């Protein structure tokens, strides 16, 4: 595919087109990904997640600027939970573009979760592979934390930052607990606010309950909007990268990610075939009717559907 | 299974045990669900979702009390995004139990999302079926909105309430947009707060962009903690139920839910078989290694895995 060669040569419009293909599951995407795949495996992949309102986008922009100062090219994927009809994703894009658009070493892409055909995690993994293949040294994935889908996206990263900020409600406590397990580095942003120290202390306390591993999760303070604390944070990201390489965890984690990705894609392929077969001969509809009439329970119906698939393939 | 008969006869401990089986995917669960299934299909299923800190739990408790006053028995499933090691779910349970525990007509169960084996939506659907089968007139499912997983859970309900409260951050706007599409009724809780009117106006404005349907999504004000606005809200829930019945949407929606449930269960069954087969002969591991070495791309690897399944079944 011509667009692949052009994207590999550094053409930004070709790169944007490739990503659109991947997002839309266009027929061209499969072939493009196959051609790009041998070029992947060099990027540092950093996930940034946390509750809304913690200043993640500003933080990601500052991190991008610091990585650029260190001579690294940067790709940013902002996974945005906005609805297609409000176009929040596009708007966010434009605001960011104004700040970083002068810099050819940064490529930013927003993905609306509602728009993603196929699984969100699968599509994000493929967009990451594209940015990796075209030579971005650092690929950052920004998601709004809390949901299952977002946690899956965070697991695609080699290093995951969880961002918190003072001033949440009562229930924020619970959310923190839910994403504690995925954090490699904890960031308390808006650290100039009054309650920041209490939040950092609480996070350290919660982290002390986590099972021991070779990596001690640091709790770092930033004031992203004033560009404060960014250099130590990038140092910590590099430090975690070195830890992953030295311990062999980088390879082990990648194999696990590859395993999950293969299984997810296989599952999608099987389901697509199942749907097609079951809808073609009205079998699925008959099963649905039987369950709706309570003549059959859903598990038994699912079992019959699976047998149908077997019969078709025999 | 004896526990099924006892749960159907109103034994709360037997009911609790059934739900634990379902949550843990115990061997007993399948048979129990098969026996219970013919008794399902009578409950009104109400989903309550929204960002953290909006007072959803208090609201659900007040709704439960009002449904009880109207002579209806109530089951509550609180889907809690807390981590297993902090035990947030259990804690929440106890606080609620104190308030409603005197009432044998109310059954409350918290589910930790991290603890749910299998899909969260599938497990929740099965717990709903159990509560429906034992004769709860109203089943309420409470989730923290935002994530994909939570949206899936909300889709299990016949009527979905989305709860907002004044005082969120900048990004709350985007979250609202993301869950606008799933709301049948919008609730502005903490309506005594200053910014409540502005929030309600903004929600009405956003709703005006939504595609037209036969149902006009109302925006209702509550102050759950003072038990205000609860009666009109329950009236609106009943009104939406009547709308679903009159238009035939109740049956159409249920068929769609059944279809999704059958497909999800079939997909799980196929994936389990695929995993077992691929791991048994080391095939999956070989594919993972090839992809990690960039000799193969993930799609091609997935394709080979699917072919393996075909070969096994032939």
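The values are calculated or read from the model by the stated rules, or taken from the named source; none is laboratory data. No experiment lies behind these values; they were computed from the predicted model shown. Quick reminder, even Gly has a Cβ in these numbers, built from the backbone with ideal geometry, and neighbours come from all protein chains shown.
Here are the criteria: (1) modelled with pLDDT of 95 or more; (2) within 13 Å of chain B (Cβ to nearest Cβ). Tell me which single one residue A:45 does not satisfy.
(2)
For residue A:108, indicate whether it is buried (at least 24 other Cβ atoms within 10 Å of the Cβ), more than 13 Å from chain B (Cβ to nearest Cβ) and either farther than 18 Å from residue A:46 by Cα or at pLDDT 80 or above (or both).
Spelling it out, it is not the case that residue A:108 is buried (at least 24 other Cβ atoms within 10 Å of the Cβ), more than 13 Å from chain B (Cβ to nearest Cβ) and either farther than 18 Å from residue A:46 by Cα or at pLDDT 80 or above (or both).
Hey, residue B:190 hits all of (1) outside any loop (DSSP other than H, G, I, E, B); (2) over 23 Å from the mean Cα position of the chain (by Cα) but one; which does it fall short on?
Of (1) outside any loop (DSSP other than H, G, I, E, B); (2) over 23 Å from the mean Cα position of the chain (by Cα), only one is false for residue B:190: (1).
Restricting to the range A:218-228, what's the tally of residues that are outside any strand (DSSP E or B) and surrounded by 19 or more Cβ atoms within 10 Å (Cβ to Cβ)? Before the answer, list the steps.
Step one: filter the range A:218-228 for residues outside any strand (DSSP E or B), giving A:218, A:222, A:224-227.
Within this subset, residues satisfying the condition of being surrounded by 19 or more Cβ atoms within 10 Å (Cβ to Cβ) are A:222, A:224.
Within the range A:218-228, residues that are outside any strand (DSSP E or B) and surrounded by 19 or more Cβ atoms within 10 Å (Cβ to Cβ) number 2.
Of the conditions (1) modelled with pLDDT under 70; (2) more than 11 Å from the chain's Cα centre (by Cα); (3) crowded, with 16+ Cβ neighbours inside 10 Å; (4) within 13 Å of another protein chain (Cβ to nearest Cβ), residue B:149 clears all except one; give me its number.
Of (1) modelled with pLDDT under 70; (2) more than 11 Å from the chain's Cα centre (by Cα); (3) crowded, with 16+ Cβ neighbours inside 10 Å; (4) within 13 Å of another protein chain (Cβ to nearest Cβ), only one is false for residue B:149: (2).
Out of the residues in the range B:6-25 meeting the condition of being within 14 Å of residue B:105 (Cα to Cα) and surrounded by 21 or more Cβ atoms within 10 Å (Cβ to Cβ), tell me which one is farthest from the chain's Cα centre (by Cα).
Result: B:7.
Can you name the residue in the range B:165-186 that is modelled with pLDDT of 75 or more and under 18 Å from the mean Cα position of the chain (by Cα) and, of all such residues, is farthest from the other protein chains (Cβ to nearest Cβ)?
Looking only at the range B:165-186, we keep the residues that are modelled with pLDDT of 75 or more, and these are B:165-166, B:182-186.
When the remaining residues are screened for being under 18 Å from the mean Cα position of the chain (by Cα), the result is B:182-186.
Details: B:182: 10, B:183: 12, B:184: 16, B:185: 18, B:186: 15 Å.
The qualifying residue farthest from the other protein chains (Cβ to nearest Cβ) is B:185.
How about the range B:240-256: which of its residues are surrounded by 13 or more Cβ atoms within 10 Å (Cβ to Cβ) and over 21 Å from the mean Cα position of the chain (by Cα)?
B:243, B:247, listed by residue number.
I'm checking my understanding of the structure. Among residues of the range B:242-276 that are in a helix (DSSP H, G or I), free of Cβ contacts under 8 Å to residues at least 60 places away in the same chain and away from every other protein chain (no Cβ under 11 Å), which one is nearest to residue B:156 (Cα to Cα)?
B:249
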